[in-house]
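See structure below.
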Protein chains: 2
Amino acid sequence: MPMMPVTDSMFLMVETREHPMHVGGLQLFRKPDGAGEDYLRDLRRSLLESDNMRGVFRRRPGTPVNTVGHLRWAVERELELDYHFRHSALPQPGRIRELLELTSRWHSTLLDRHRPLWETHLIEGLRDGRFAIYSKIHHALMDGVSALRHLQGTLSDDPSDLDCPPPWGTRGQAAGNRERRGSLLNTAGKTFGQFAGMAPAAAKVAREAFREHRLTLPMQAPRTMLNVPIGGARRFAAQSWPLERVRAIASASGTSRNDVVLAMCAGALRDYLIEQSALPDAPLVAMVPVSLRRRDAGEASGNNIGALLCNLATDLADPGDRLAEISTSMSNGKKLFSQLSPLQTLLLSGINVAQLGVSAVPGVVSNTRPPFNLVISHVPGPRSQMYWNGAALDGIYPASVLLDGQALNITLTSNGDKLDFGITGCRRSVPHLQRLLNHLDTALAELEGAAGVR
Amino acid sequence: MPMMPVTDSMFLMVETREHPMHVGGLQLFRKPDGAGEDYLRDLRRSLLESDNMRGVFRRRPGTPVNTVGHLRWAVERELELDYHFRHSALPQPGRIRELLELTSRWHSTLLDRHRPLWETHLIEGLRDGRFAIYSKIHHALMDGVSALRHLQGTLSDDPSDLDCPPPWGTRGQAAGNRERRGSLLNTAGKTFGQFAGMAPAAAKVAREAFREHRLTLPMQAPRTMLNVPIGGARRFAAQSWPLERVRAIASASGTSRNDVVLAMCAGALRDYLIEQSALPDAPLVAMVPVSLRRRDAGEASGNNIGALLCNLATDLADPGDRLAEISTSMSNGKKLFSQLSPLQTLLLSGINVAQLGVSAVPGVVSNTRPPFNLVISHVPGPRSQMYWNGAALDGIYPASVLLDGQALNITLTSNGDKLDFGITGCRRSVPHLQRLLNHLDTALAELEGAAGVR
């Protein structure tokens, strides 16, 4: 195997029991019409028998023990599929709540480095008759965006298509293309890789870029309860909202759908922090990965990609004012990037992501103010209703990596006519994480009120 | 809190993701007569509401991150009980096989060091209507023997006693006594603690003890597939056999019950290694922790305790010859200890356990022959049928710690009229671990044949 790039190995090197470095995805499916009692057992058996496996799912670290020696990937020839692909069940009463509790547990445990770095659970026991799949994969193999795209690639928009690959499989000839690691965050990560060990130089160039263009420096985030050292246990919450509600607010208020989503998150965070008596005076700052790719550019040009800092305006009580402020912050951010040369853009996103990388090193958090308060990612998903071997996809919820100083992450994806939110939090630092779901719901309604679409 | 003794902290310091340092126990219960559909839900609720908690279950490392700083225990005041006490379910078809598969997974994951170091699962979904409890606790808090005794202490021999404490609780005034850490392995561990950093000196004294008494050195174990570096994933298997069958063989052959149990294990290991084309020419050597406590000594005198090396005679094809050889080896071992002064006994067991301790340090395994091939522990349990709040205990199966170079462990406990075997193996190094259960069954039948009791 070739040498492992630093963008892979750094995720293995910084991983500790407090900082598992895997990403996850929870998929919720409706069984196909006419599915019998043995549907899941048969499904599991057929998946165990399939020999369709994408190459990346056979990769394991050449040197499993946690040293600096993670320089090569090894290929696992005799993969023990029933170790990686697990059959699980919800305890009574089998609500979404029990599903999220189990997902929280699974998302908290480290992957075994002596094997390819992934696990997939097929989950039965939902009382509404649906079933779920939770998948996790190490960030060294795939970042969150790539992992979501990979899962989406196993689906079909045709309910009669029964040739969908397993969650670890691939669709025939497209495999080669999909092996390319071309996602947004990953490309940003590569930038960091190129500048590892020379961050001060990169920072200097970026500062000069700002000065040259007479731009202001990115905003300073306040200290909050979300920016503390974290433990190893996670809490995961997930819910879907109709895309149409977000679209209506955006349209009525002259903002983008992404602005509205950020305003939903901002409103929910404000309510949550007030409830915890922990709302800072200064507004929270979100790090928002964005694609600035031009429409005419091919898929291979991953350079026009960056991470913006967004003022979440959590100091403003009025939802309409908050949305306006967020929208302004985001378009300033975008303008900032579009005024820069590709190299300067690359450097600037490199800086933002480098700060993320540095905070993963234990002990760095405590005394500096955070570069941002949380990451909010909006990953584009399928536009129509998707199916997996005839089972309709009801939701696909991303579960993310947390870092020291970053105890909460919100990642959402569009999925047909819905927006699927996945919220990952440190179980100790972010109590009652699931209340954020109610607060998101309230925030959405308040935005509808402010925009006059309710 | 007082300083953490080295016997506690060493288990935290040597722990890595390849070597989780917790012990576990799987208990299998029959529901009480008349238990309704909500029995387990009500049970869970009442346990969550109980405020009975033994002090050790509130202890967490003062410094959670893995450094040399584990010098004090801290007390967790606001323990999040529903993190530690989990509700779990078996997938279809709900056989013991699914229960063991889930137990294997749970036994493979590290405990969160930011919290008290234990987890307990209440498990529903066994198709025969029974339920199970899997408990795990860090070796720094309790060794395997203490953990089993603790669980036994929550039971009652009276089916109408509905005042049994939760698995993490304690029985009123006896609590103080039970906090004493007086188990067999732990005392041996303390010996190691006293000699940490001075093993060569201790070895010298022990060698002199041998010379002085003109005793031969303990036997040399062959290299086997069981004595290799291990990964983090575990496989757990468990089964009960009637104590009466073992007793009959012992009585007919003039050996002890423990000899017969060791011969069962020896026969099973021989068959397993033949199947794997991996039986060494030289006989396997087991490390067998034994109590040499005199009947008249109080519970507090833990000194007459040691670990014997037993020749398992796996080179002999005849089950009767094997049993005879094992019995001879064990009585030689016992004689050896009884000829020594208490200090010499202590030193000798210190050496054996010190080798165990050293092998936990990654990288030590590879080039030296193992001091023994596996640990086989026989822990005394309750003599009569036990109950937990009216639910009859069908089995209590110990799950043990593995170390580099020690990929398999067999621990059994007597339980009323049964012997409950728990087998813990490295999932990678010991393939088809569950076949050992069949081999144990075969070995028992062969011993009955050899002893003429069938």
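The values are calculated or read from the model by the stated rules, or taken from the named source; none is laboratory data. Only a predicted model underlies this, so the values are computations on that prediction, with no experimental measurement involved. Reconstructed Cβ throughout: ideal geometry from the backbone, glycine too, with neighbour counts over all protein chains shown. Heavy atoms of the whole protein, side chains included, go into the accessibility calculation; ligands, DNA and RNA do not. Shrake-Rupley method; radii C 1.70, N 1.55, O 1.52, S 1.80 Å.
Filtering B:Ala252, B:Ala206, B:Ala221 for residues that are at pLDDT below 50, over 27 Å from B:Leu100 (Cβ atoms) and not assigned by TED's automatic domain parsing to the domain that holds B:Thr103 leaves a single hit, B:Ala206. In the range A:62-75, the count of residues that are within 23 Å of B:Leu99 (Cα to Cα) and more than 8 Å from every other protein chain (Cβ to nearest Cβ) is zero.
For the residues A:Leu308, A:Leu336, A:Leu316, A:Leu356, the requirement of being over 17 Å from the mean Cα position of the chain (by Cα) and at pLDDT below 85 singles out A:Leu336.
When the range A:432-454 is filtered for residues that are under 19 Å from the mean Cα position of the chain (by Cα) and within 14 Å of chain B (Cβ to nearest Cβ), the ones remaining, listed by number, are A:Leu433, A:Gln434. Evaluation of B:Ser329 against the conditions (1) among the polar types (S, T, N, Q); (2) at pLDDT below 90; (3) not in a loop (DSSP other than H, G, I, E, B) shows that the sole unmet condition is (2).
Would you be able to say whether some residue in the range B:110-121 is within 19 Å of the chain's Cα centre (by Cα) and aromatic (Phe, Trp, Tyr)? Among the residues of the range B:110-121, at least one is within 19 Å of the chain's Cα centre (by Cα) and aromatic (Phe, Trp, Tyr), which makes the answer yes.
The residues on offer are A:Phe57, A:Phe85, A:Phe131, and the sole one that is under 26 Å from the mean Cα position of the chain (by Cα), more than 14 Å from chain B (Cβ to nearest Cβ) and at pLDDT 95 or above is A:Phe57. The residue that is most open to solvent (accessible area, probe 1.4 Å), among those in the range B:113-122 that are farther than 14 Å from B:Glu15 by Cβ and facing another protein chain (nearest Cβ under 10 Å), is B:His114.
If you go through the range A:415-431 and keep only what is among the small types (Gly, Ala, Ser) and within 13 Å of chain B (Cβ to nearest Cβ), you end up with just A:Ser429.
Considering only residues in the range A:17-44 that are open to solvent by 50 Å² or more (accessible area, probe 1.4 Å) and farther than 22 Å from A:Leu100 by Cβ, the one that is nearest to the other protein chains (Cβ to nearest Cβ) turns out to be A:Arg41. Residues in the range A:372-429 that are in contact with a Cys (Cβ under 9 Å, 6 or more places away or on another chain) and open to solvent by 20 Å² or more (accessible area, probe 1.4 Å) were compared, and the one that is farthest from A:Leu440 (Cα to Cα) is A:Asn389.
Residue count for the range B:260-288, restricted to those that are part of a helix (DSSP H, G or I) and open to solvent by 10 Å² or more (accessible area, probe 1.4 Å): 4. Contact map, the range A:313-331: first residue more than 18 Å from A:Pro280 (Cα to Cα), second residue modelled with pLDDT of 95 or more and β-branched (Val, Ile, Thr), Cβ cut-off under 8 Å, separation 6 or more or different chains; pairs are A:Leu323/A:Ile249; A:Leu323/A:Thr255; A:Leu323/A:Val260; A:Ala324/A:Thr255; A:Ser327/A:Thr255. The residues of the range B:89-104 that are more than 7 Å from chain A (Cβ to nearest Cβ) and either open to solvent by 30 Å² or more (accessible area, probe 1.4 Å) or closer than 30 Å to B:Arg72 by Cβ (or both), listed by number, are B:Arg95, B:Ile96, B:Arg97, B:Glu101.
Of all the listed residues (B:Leu79, B:Leu110), the sole one being touching a residue at least 60 places away in the same chain (Cβ under 8 Å), open to solvent by 20 Å² or more (accessible area, probe 1.4 Å) and aliphatic (A, V, I, L, M) is B:Leu110.
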